[in-house]
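One structure below.
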Amino acid sequence: AQARGNASAWAVHKLTRIQSNDQLNWYVAKALSNLRTEALTFDAPPALPACDNPSDDVTLLEDESGRVGVRASLSCRAMVVVSDTFYPGWQAWIDSKSAPIYEVNGAMRGVEVPAGSHLVTMRYRPRSVYLGAVLTLCGMLGACILARSKY
């Protein structure tokens with residue numbers, strides 16, 4: 001599948017922890033961070049190894065509502081950043097293995113990816129939707145039981 005949305009993806013080899021939105025704005029306003037080579041995060045970032053002259057190839061394969069696919073060929077372990085909005089409920093997999101998602105650059109999603117060629121998949125699967133479905137089914141089952149018991 002080809003990407004059809006407006007997202008883009010790239011790899012960064014430098015992560016900087018920031019403490020506040022004011023600090024994020026300061027970094028961006030002063031152009032102290034090139035967000036294509038460095039990612040800013042509120043979380044404790046994973047330690048990335050120094051990577052001299054990285055030769056990365058990051059390709060957005062799929063950008064659908066609720067699903068993003070990226071092919072990443074990395075010379076060193078890196079953070080693959082997707083320019084879509086970070087929001088709770090997104091889950092990530094690297095080659096079908098679950099991986100944590102980091103909020104980077106104040107609003108984007110990032111996944112730590114090892115060196116080599118990998119498929120990164122992100123899906124929007126909020127737990128609230130599944131909880132709502134279970135509660136709806138329970139309510140429908142309860143209504144059926146009540147309706148049968150009256151007749």
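Would you confirm whether or not region 110-119 contains a residue that is touching a Gly at 6+ places or on another chain (Cβ under 8 Å) and modelled with pLDDT of 95 or more? Full working, then the answer.
To start, the set of residues in region 110-119 that are touching a Gly at 6+ places or on another chain (Cβ under 8 Å) comprises 119.
The next check asks that each one be modelled with pLDDT of 95 or more; those that pass are 119.
Yes: region 110-119 contains one or more residues that are touching a Gly at 6+ places or on another chain (Cβ under 8 Å) and modelled with pLDDT of 95 or more.
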Evaluate region 37-47: report whether one residue or more is touching a residue at least 60 places away in the same chain (Cβ under 8 Å), open to solvent by 50 Å² or more (accessible area, probe 1.4 Å) and among the acidic types (Asp, Glu). yes
Would you pick out the residues in region 74-94 that are closer than 15 Å to Val58 by Cα, open to solvent by 50 Å² or more (accessible area, probe 1.4 Å) and of a type in the set (Ser, Thr, Tyr)? Ser75
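Please enumerate the residues belonging to region 6-38 that are within 12 Å of Val82 (Cα to Cα) and either modelled with pLDDT under 90 or in contact with a Cys (Cβ under 6 Å, 6 or more places away or on another chain) (or both). Spell out the reasoning first.
To start, the set of residues in region 6-38 that are within 12 Å of Val82 (Cα to Cα) comprises 6-12, 35-36.
Listed by number, the residues that qualify are Asn6, Ala7, Leu35, Arg36.
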Within region 95-108, the count of residues that are at pLDDT 95 or above and open to solvent by less than 20 Å² (accessible area, probe 1.4 Å) comes to 1
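The values are calculated or read from the model by the stated rules, or taken from the named source; none is laboratory data. This one's a predicted model, so the numbers in the text were calculated from it and none came from an experiment. Don't worry about glycine lacking a Cβ; one is built from the backbone with ideal geometry, like all the others, and counts go over all protein chains shown. Ligands, DNA and RNA are stripped out before the accessible areas are found, and what is left, the full protein with its side chains, is counted by its heavy atoms. Shrake-Rupley method; radii C 1.70, N 1.55, O 1.52, S 1.80 Å.
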